[in-house]
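Notes follow once the structure below has been shown.
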């Protein structure tokens, strides 16, 4: 199978979906083939992502780290189908983005809750929109779906806030609600854009554990963009470090600490040395902004 | 709570005060009721002539509401078309501004020419005058929807229709209701103008006849009727607005209820 360990020469032929996905087989759920993204046109264009190719396996947990403005969010938006590649191809579940039959849950940098819905209705939104849940929206929204939303809200400490409106909650609480919204439809692909950025240290560490437990239980493929190196090392199986704009992948490293990881893990010397080497790399990448392409 | 009540009482006192001042000024300066009748005279006329006035009031209300309903429906449709695409919005907006800056009074003779006098031109005038505020506000509400909110739905593979129903329309509701309150008042203006120019029924026509008979208290009675109808509809829409778009005003009582 050329799917595994494919070389660039082979994967260029992948412009149309090749063979059907076999149930149970491990295949890359996300494939970037020489993807470039430019914003704007011609002379005024800024290149956000320089020709990047990589694969992400189904059920893996990836953290994307790098200096700000390096195109981390651009990668998430490409996978989520929110923007299109200027050059190259993005495949999700072996189909062009958009055509892929994958349930995506996405949490953005801002909570982006709909202000006219209360928190519970906001969390339930994906069940109203995404297949196959939407077919049963009318019959289940007052029962099963509602319970599901409440259970999820309780797990992030928002049990009593379902009836409140977004503006009645603090930024951190809104962010947690937005995380619930990304999870409620049991996505197989979870795209998280600095979801814990606005939270205090303690809540953040609690949610790391929550997210890890959830990942271990349901094994979605997770793509996490973060500035927090401890967060990336705590949560991810694989860390991709990106260069300054135009972003390219500088380092792609697996993280093999045993799961479930605890806060104890973060005090081990291996953990510290990992975060330190990540840090050095990013500092170098930032410094290299002017000099290197 | 008490401060809100105090404001309400103050508003009521102000309204009553204006009428009292008007009454007193007329008496004090001996103003003839051919020029400016006293409010008490107007109210007495209103009371005595009510059986004859009511059909006119009903005609005006009916014409206005029909025209308003047509105008709002057309306005929402056009607004949806223009607001749902940035291109359409940018292309159509200059034309829209051009149309909306035409004094609608000027089109009444044209309607009379086309449809004769009576109810039809009044409905049409009322309609055309109420279309534009609705179109402009709907289109603006839709076109200024935060792309981030649409992105939330797009990652869920929502159709254009899903996005419109779940983000676009709710987002545009505060704009829509703001325009309704403007449109319903304008709509009365349209009806009355048309009734004055070309009709044999309605409050506008009644006022015209009364003024040609120098029955000035009756003219003012017509004004009072119009004011009453206008205020009633305005209040009605405000109440609906508060229920539907309270989220935009961050009303605490909205969240509770």
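The values are calculated or read from the model by the stated rules, or taken from the named source; none is laboratory data. Treat the numbers as computed from the prediction; the structure is a model and nothing was measured. When we count neighbours, we look across all protein chains shown, and the Cβ atoms used for this are built from the backbone with ideal geometry, even at glycine.
Assorted remarks:
- Any chance residue A:98 is at the interface with chain B (Cβ under 10 Å from one of its Cβ atoms), modelled with pLDDT under 85 and within 18 Å of residue B:147 (Cβ to Cβ): yes
- Looking only at the stretch B:138-159, residues that are within 8 Å of another protein chain (Cβ to nearest Cβ) and either in contact with a strand residue (DSSP E or B) (Cβ under 6 Å, 6 or more places away or on another chain) or part of a helix (DSSP H, G or I) (or both) come to 7 in all.
- Criterion applied to B:177, B:214, B:224 was being touching a residue at least 24 places away in the same chain (Cβ under 8 Å) and within 14 Å of another protein chain (Cβ to nearest Cβ), and the one residue passing it is B:177.
- Residues within the stretch A:199-228 that are surrounded by 17 or more Cβ atoms within 10 Å (Cβ to Cβ), part of a loop (DSSP other than H, G, I, E, B) and in contact (Cβ under 8 Å) with a residue 40 or more places away in the chain, tallied: 2
- Any hit, the stretch A:73-81, residues being on the phi > 0 side of the Ramachandran plot and within 8 Å of chain B (Cβ to nearest Cβ): yes
Condition check ((1) assigned to a helix (DSSP H, G or I); (2) farther than 30 Å from residue B:172 by Cα; (3) in contact with a strand residue (DSSP E or B) (Cβ under 8 Å, 6 or more places away or on another chain)) across all residues:
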residue	(1), (2), (3)
B:21	yes, yes, no
B:27	yes, yes, no
B:34	no, yes, no
B:44	yes, yes, no
B:55	yes, yes, no
B:64	yes, no, no
B:77	yes, no, no
B:80	yes, no, no
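- Unique residue being modelled with pLDDT under 75 and not in a loop (DSSP other than H, G, I, E, B) when the list is A:48, A:18, A:9, A:13: A:9
- Selection status of residue B:191, buried (at least 19 other Cβ atoms within 10 Å of the Cβ) and closer than 30 Å to residue A:190 by Cα: no
- Taking every residue in the stretch B:182-204 that is assigned by TED's automatic domain parsing to the domain that holds residue B:133 and pairing it with any residue that is surrounded by fewer than 22 Cβ atoms within 10 Å (Cβ to Cβ) and in a loop (DSSP other than H, G, I, E, B), at least 6 positions away or on another chain, the pairs with Cβ-Cβ distances below 6 Å are B:198/B:117; B:199/B:117; B:199/B:118.
- Subset of the stretch A:139-171 (residues that are part of a loop (DSSP other than H, G, I, E, B) and either in contact (Cβ under 8 Å) with a residue 40 or more places away in the chain or more than 14 Å from chain B (Cβ to nearest Cβ) (or both)): A:142, A:143, A:156, A:157, A:158, A:162, A:163, A:164, A:165, A:169, A:170
- Number of positions in the stretch B:202-223 that are touching a helix residue (DSSP H, G or I) at 6+ places or on another chain (Cβ under 6 Å) and surrounded by fewer than 16 Cβ atoms within 10 Å (Cβ to Cβ): 1
- The lone exception for residue B:147 - which of (1) within 30 Å of residue A:112 (Cβ to Cβ); (2) in contact (Cβ under 8 Å) with a residue 12 or more places away in the chain it fails: (2)
- Yes/no for residue B:15 being under 26 Å from residue B:201 (Cβ atoms) and part of a helix (DSSP H, G or I): no
- Among the numbered conditions (1) out of contact with any strand residue (DSSP E or B) (no Cβ under 7 Å at 6 or more places or on another chain); (2) part of a loop (DSSP other than H, G, I, E, B), the only one that residue A:109 does not meet is (1).
- Meets criteria (buried (at least 20 other Cβ atoms within 10 Å of the Cβ) and assigned to a helix (DSSP H, G or I)) for residue B:241: no
- Filtered residue count, the stretch B:82-107, keeping only those that are under 18 Å from residue B:122 (Cβ atoms) and assigned to a helix (DSSP H, G or I): 4
- Residue match in the stretch B:122-137 (condition: within 30 Å of residue A:124 (Cβ to Cβ) and not in a loop (DSSP other than H, G, I, E, B)): yes
- Residue ID - surrounded by the fewest Cβ atoms within 10 Å (Cβ to Cβ), chosen from residues in the stretch A:121-132 that are more than 10 Å from every other protein chain (Cβ to nearest Cβ) and either more than 22 Å from the chain's Cα centre (by Cα) or more than 21 Å from residue A:164 (Cα to Cα) (or both): A:132
- Subset of the stretch B:77-105 that is within 19 Å of the chain's Cα centre (by Cα) and loosely packed, with under 11 Cβ neighbours inside 10 Å - its residue that is farthest from residue B:193 (Cα to Cα): B:101
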